[in-house]
Structure formats: C-alpha cells, structure tokens
Amino acid sequence: MASNNSLLEQFYSRKINYKVILVQVLVCVFLCINVFLITTFFLKNYFHTTMRYILFVITLFSDCLFLIMTDMLLILSYFSFAIEIWLCIIIYIILSVYTFVTPLTLTAMVLERYVAICMPLRHAELCTTRSTGHLILTIHSLSSVPCVVVISIFFAFTSFTFYTTGRICSVEMFILYKWQGHLRSAISQFYFLIMCVVIVFSYVQIMKVAKAASGENKQSTWRGLRTVILHAFQLLLCLVQLWCPFIEAAVLQIDFVLFVNVRYFNYITFILAPRCLSPLIYGLRDDLFFQAVRYYALCGLYKKQPSG
C-alpha cells in the first residue's frame with residue numbers, strides 16, 4: 001500500500017497536471033454549449049410545447065449537473081480533500097439519480113420517434129405537454145430506485161457517528177460488502193436491458209415503415225431511424241460506463257499507474273463523450289432547432305427567423 005501511495009504521488013506530480021487541466025477545458029466547453037442550447041430552448045415558445053424538445057432540454061440539464069458533480073469529485077480527489085460523510089451522501093444521491101436520468105430520457109425520446117413515425121395519427125394525442133410532465137416524473141422516479149436501494153443498505157450497516165467523519169468522497173465507499181456491488185450491478189444491467197429492448201423494438205418498427213414509405217415520408221423516416229441509431233450508440237456508451245468500476249478494480253490488482261490511466265480514459269470516453277452527443281443529435285441535426293441556434297448565435301444577423 002505504501003508503494004502504491006508513492007507511485008500515486010509520483011504520477012500526480014509528473015503527469016496528472018495536464019490531464020486535470022484537459023478535463024477542465026472539456027467540461028467547460030461542454031457546459032458552455034449545453035447552457036447556450038438550454039437558453040435557445042427557453043427563447044422559443046414552440047419548443048416548450050413539443051415533447052422531443054422538452055426531453056432534449058432535460059438531457060441537457062441532466063448532463064450539466066452530472067458533469068459539474070463528477071468534475072467536483074475529480075478535483076476533490078486530486079487534492080485529497082476530505083469531506084464529511086453526510087455531504088458525500090448528498091453528492092452520491094445526485095450522481096446516482098442522474099446517472100440514469102440521461103439514458104432513460106434517451107429511451108423516452110426513442111419512443112417518441114417511434115410514435116411520430118409508426119403512429120403519426122396518435123402522436124398529437126399521446127405526446128402532449130401534460131403527458132411529457134408525467135413522463136419526466138416517471139423517469140426521475142425510476143432513476144431514484146437504484147440509489148434508494150444502495151443508500152438504504154448503507155444506512156442499515158453504519159452507525160450514526162460515521163456520518164460526521166471526514167473521508168475522500170467516492171462511490172466505492174458506499175459499497176460495504178461485495179454482494180452490494182453485485183446487487184447494484186444487477187439493478188443497473190436490468191435497467192439497461194429493458195432500455196436496449198425498447199430501442200431495438202423501435203428500430204425494427206421504424207425500419208419497416210421506412211421500407212414501405214415513399215417520397216418525403218421516406219426521407220423523414222430514414223432521418224428518424226438515424227436518430228434512433230445515434231441514441232443507441234449513446235446508450236451503449238452509458239452502458240459501458242457501468243462496467244468501468246469492475247475493469248478498474250481488475251486493473252488495480254495489476255498495476256497502480258495503469259489503473260490511474262485507465263480510470264482517466266474511462267472518464268473521458270464513457271462519461272464526457274456520451275454527454276456531448278445530445279447537442280449533436282438534436283442541437284445540430286434537427287433543422288428547426290439548428291435554425292434557432294444559428295439565429296441566436298449570430299445575434300439576429302442570420303435573417304431567417306426560426307419557424308414554429
């Protein structure tokens with residue numbers, strides 16, 4: 001253990017500085033883009049009444065909060081700054097909930113595309129502002145279940161005095177026994193299995209409609225199909241994120257410096273990257289939203305007003 005600590009200090013002093021700076025730059029860039037897209041959403045009334053845009057802005061809020069909290073934990077860990085357990089619990093609850101909010105919202109957006117393309121006559125009836133509000137509440141309720149399970153077990157096995165002690169905050173500290181990790185993993189895998197089934201089902205049904213469509217309908221349907229594929233890829237990255245702790249634990253047994261490098265790679269690839277795809281999918285690929293983004297980005301110099 002002493003040798004591991006020595007290696008960690010050497011690694012941080014020689015190599016980690018530029019990596020931490022790179023993470024700060026990436027997080028700031030992503031946050032600026034997301035904040036601008038959120039501002040664009042609120043400046044155009046049409047977006048407030050359309051389910052796919054409301055769900056889109058929910059993913060942006062979720063991603064912003066998740067990035068801020070994970071980056072804060074990264075900085076606290078880097079400087080070995082200990083905080084009291086009760087504060088770490090609050091941070092964990094937020095991170096745990098919003099780990100699932102984004103993928104569940106993506107799944108809901110896929111279903112919205114399925115209804116729009118495969119059930120166009122019922123789209124206006126099913127995808128109302130009221131049903132969107134109910135859907136958002138359902139997403140956050142489902143996202144809270146894994147957190148409630150882990151925290152309830154943690155409370156059951158720890159004493160009250162433990163919550164006032166200072167520790168370096170990390171997710172691993174809430175897993176007191178190996179079976180807790182297996183239980184958390186089983187719940188997460190079940191959630192993502194259901195989401196994968198929904199996406200595959202929607203993909204197959206939209207594919208059938210795409211083959212039968214013609215003219216403008218065919219072009220619109222294939223565009224919706226590409227959106228589903230992008231959502232599936234984004235969800236895949238989120239799914240891999242759940243396996244990162246197991247990979248990192250195995251690497252830690254081999255080499256500590258390699259563990260730090262792998263953890264850094266996982267953070268960039270499976271935490272930051274999936275959360276920069278949402279602006280790409282709806283912020284740039286959606287014609288109406290892209291018109292609004294271009295109009296407000298150019299401060300009205302772009303003469304064509306966004307329709308809607």
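The values are calculated or read from the model by the stated rules, or taken from the named source; none is laboratory data. This is a predicted model, so every value here is computed, not measured. Methodologically, a virtual Cβ is constructed for each residue, glycine included, from the backbone with ideal geometry; neighbour enumeration extends over all protein chains shown. For the accessible areas, the whole protein counts, side chains as well, though only heavy atoms, and no ligand, DNA or RNA atoms are used. Shrake-Rupley method; radii C 1.70, N 1.55, O 1.52, S 1.80 Å.
When peptides 228-234, 40-46, 155-161 are sorted by average Cβ neighbour count within 10 Å, with the highest value leading, the order is 228-234, 40-46, 155-161. With the charge dipole of the chain set up from +1 on Lys and Arg Cβ and -1 on Asp and Glu Cβ about the Cα centre, the Cα lying farthest toward the positive end among the listed residues Leu176, Thr102, Leu284 is that of Leu284.
For Glu172, the solvent-accessible surface with a 1.4 Å probe is about 90 Å², rounded to the nearest 10. Could you name the aspartates and glutamates in cross-link range of Lys44, using Cα to Cα under 16 Å and dropping any fewer than eight places away on the same chain? Counting by Cα, and skipping residues close in sequence, Lys44 has these aspartates and glutamates nearby: Asp286, Asp287.
Accessible surface computed residue by residue for the chain, with neighbouring protein chains in place and a 1.4 Å probe, gives 52 Å² per residue.
Once you measure Cβ to Cβ distances between cysteines in the chain, which Cys have no partner under 4.7 Å? So, Cys28, Cys32, Cys64, Cys118, Cys127, Cys147, Cys196, Cys238, Cys244, Cys276, Cys299.
Ranking Lys19, Lys211 by solvent-accessible area of protein heavy atoms (1.4 Å probe, all protein chains present), from largest to smallest, gives Lys211, Lys19.
Ranking Arg184, Arg113, Arg122 from most to least accessible surface, computed with a 1.4 Å probe over the protein chains only, gives Arg122, Arg184, Arg113.
Overall, the accessible surface of the chain at a probe of 1.4 angstrom is composed of carbon and sulfur to the extent of 70 percent.
Toward the positive end of the charge dipole of the stretch 160-277, with +1 on the Cβ of Lys and Arg and -1 on the Cβ of Asp and Glu, the farthest Cα among Ile194, Phe256, Leu237 is that of Ile194. Ranked by solvent-accessible area (1.4 Å probe, protein heavy atoms only, all chains present), the residues Ile21, Ile117 order from largest to smallest as Ile21, Ile117.
Note on Cys147: accessible area is roughly 10 Å² with a 1.4 Å probe, heavy atoms of protein only.
Can you pull the Rg over Rh of the chain, Cα-only, Kirkwood? Checking Rg against Rh, the ratio lands at 1.01.
Rounded to the nearest 10 degrees, the angle from helix 51-78 to the longest Cα principal axis of the chain is 20 degrees. Taking label positions 7 Å along the Cα-Cβ direction at both Ala273 and Ile247, the computed distance is 0.9 nm, reported to one decimal. In the distance distribution for the stretch 180-271, Cα-Cα pairs more than 24 Å apart total 43 percent. Largest first, the three principal axis extents of the alpha carbons in the stretch 119-170 are 59, 20, 16 Å in whole numbers.
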